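Each remark here refers to the structure printed beneath this line.
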Amino acid sequence: MSVVLSIIIPVYNTEKYLSKCLDSVLNQKIENIEIICVNDGSTDNSLDILKKYSQIDNRIKIINKKNGGMSSARNIGIDNAQGKYITFIDSDDFIEPNAYEKLLPYLDIPGVDLVYFATQLVIEDNVNRKQDEKYFEHNHTGLVKLSNDVVSKMDVVAWNKIFKLSIINNYKIRFPLGLWYEDNPFFWSYALVSDSVYFVNEKFYNYLIRNGSIMAQKNQYNTGHKISHELDSLLCFEYLLNFMFRWGLIEKIKPTLVNLFLDKIYETLRRFPKNKRMCVLNKSTEIVKLYNLTSYYPNNHYIKALSERRYQRIGKINKLFLTKRQRLLGFWDCDKYYLVCFLGFKLKLKKRKNIINHIEIL
């Protein structure tokens with residue numbers, strides 16, 4: 001019996017949750033699946049649990065590798081997948097028993113290249129992550145064209161979706177190695193070469209939110225801990241750009257690209273202390289020049305400002321980025337006001353009324 005669905009489960013030190021995850025997959029009512037468990041160098045009892053389950057059910061395949069992160073584990077899973085379709089599960093999450101039996105038929109509808117299903121948040125240890133509830137909300141039901149507007153408002157996580165393995169392999173879509181926010185370029189790459197998505201609003205995926213998860217670590221930027229992934233959101237955008245130019249997709253995403261680029265710049269700037277934010281802007285300028293974005297957007301205010309390193313012309317940046325030198329002497333055109341800095345004084349002049357809003361001593 002040919003494999004219809006490959007389920008890829010990266011595993012790293014999740015012995016506390018792994019059995020529940022595997023049980024939820026083995027309890028699926030659809031039989032012709034393969035369960036590819038990639039042990040990413042676990043140092044706890046995760047591997048022993050995998051071996052135990054593989055003896056119970058021969059659909060479980062174990063791949064052992066040195067620790068290399070989520071992206072490398074998922075990519076190895078893709079490389080070894082044999083199913084017509086492919087999906088992902090994080091090893092501390094679990095799915096509903098009838099999930100894939102109900103979801104797979106939607107992929108038989110002409111034009112459907114992606115199935116999206118809703119997410120149930122499972123909160124552990126009183127973790128406060130209310131922002132996730134909004135993140136997974138959408139207004140779609142059923143068959144929807146994968147336009148730029150639709151894609152830009154979807155969550156990008158890999159595990160609440162079913163993909164066609166043929167599209168992934170034909171376009172060599174993979175997760176960027178060594179970067180956080182790796183789901184973003186993977187999802188956008190897939191969506192850009194696909195036709196339509198089928199939205200299923202039933203909550204088939206149970207997403208565990210806990211302090212020790214990778215996602216929890218990604219939200220610790222403001223806790224004082226030194227994290228070496230501050231630039232990753234922008235680097236993932238660069239990874240996506242490389243994919244778009246390789247496959248000639250720039251015109252397809254052109255109406256959305258600048259806003260997506262700016263969002264990644266702002267996200268990255270917020271993760272850096274003020275005295276280190278210049279590296280973010282320098283990297284942004286490097287991206288503009290490397291991919292010659294000025295030729296695609298000759299009249300775009302933001303691309304031109306980035307190309308010429310005149311960052312003060314981008315209003316939102318001024319709110320996030322003022323160095324000591326800039327506070328001593330500078331004139332900035334912000335979104336709703338002009339900002340004049342002189343010898344430690346900051347004057348805000350409203351654009352509409354053209355009067356001084358207030359003066360404050362820095």
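The values are calculated or read from the model by the stated rules, or taken from the named source; none is laboratory data. Every value quoted in this text rests on a predicted model; they were computed, and no experiment measured them. Here the Cβ positions follow ideal geometry from the backbone for every residue, glycine too, while neighbour counts run over all protein chains shown. Heads up: the accessible areas ignore ligands, DNA and RNA and are worked out on the full protein's heavy atoms, side chains in. Shrake-Rupley method; radii C 1.70, N 1.55, O 1.52, S 1.80 Å.
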Treat each spin label as a single point 7 Å out from the Cα along the C-beta direction, and report the THR285 to GLU202 distance in nm.
5.5 nm
At 7 Å along Cα-to-Cβ for each site, give me the label-to-label distance between GLU267 and LYS84 in nm.
3.4 nm
Roughly speaking, to the nearest percent, how much of region 1-157's 1.4 Å accessible area is carbon and sulfur?
47 percent
When only the heavy atoms of the protein chains count and the probe is 1.4 Å, how do MET154, MET70, MET1 rank by accessible area, highest first?
MET1, MET70, MET154
Hey, got the Cα dimensions of region 10-153 along the principal axes, in Å, largest first?
43, 38, 27
I need the calculated FRET efficiency for the pair TRP247 and ILE109, taking r as the beta carbon distance and R₀ as 25 Å, to the nearest 0.05.
0.50
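Tell me, what is the per residue accessible area of region 58-153 in Å², probe radius 1.4 Å? Can you show the working numbers first?
Numbers: 4850 Å² over 96 residues.
Per-residue accessible area for region 58-153 comes out at 51 Å².
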FRET efficiency for LEU143 and LEU347 from the Cβ-Cβ distance with R0 = 56 Å, rounded to 0.05, comes out at 0.55
